[in-house]
Amino acid sequence: MSEPQGTDRGPETHDGLTTEQLANAGAASVAPTAEPRSFDGREAQAREAAAGQPIFPEQEAADLRQSWASVQAGFVDQPRRAVEDADHLVAATMKRLAEMFADERSRLEAQWARGDDVSTEELRVALQRYRAFFGRLLAI
């Protein structure tokens, strides 16, 4: 993900998106579908258990950490470029995360479209993953 040090490049984005563009695109599509409600004790326990599960597969997370280490190391010699690289890395990570959740949703929708019954257990697991991720987003 990182280019060799000293490579001069103009403003570019990963897949044409910056974090600002991702944020603006997401703002238009996010609307609450129901009144917010508080979590009861059981839900809090399930949320805590799911929060310990990694979002990204181990190797993908390791690659992202390595990319971040490269960005951070580049700050000493080229601070502006490091910040631009950080923006690109965060935008790419957010895009990947959105793709992962979209793939999961598509898988469930494909089962429904075929007339397959999606088990309550599959739906429960999907909802737990969304809830755990949403909780982590709000905890930051």
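Readers should treat all values here as calculations from the given coordinates under stated rules, not as data from a laboratory. Keep in mind that what you see is a predicted model, and the values were worked out from it rather than measured. In this analysis, Cβ positions are derived from the backbone assuming ideal geometry, glycine residues included, and neighbour counts consider all displayed protein chains.
The base-10 log of I(q)/I(0) for region 66-140, evaluated at q = 0.19, 0.25 Å⁻¹, reads -0.86, -1.10 [Debye formula, identical scatterers on Cα atoms, solvent excluded]. Report note on the peptides 130-137, 104-111: ranked by the mean count of other C-beta atoms within 10 Å, highest first, their order is 130-137, 104-111.
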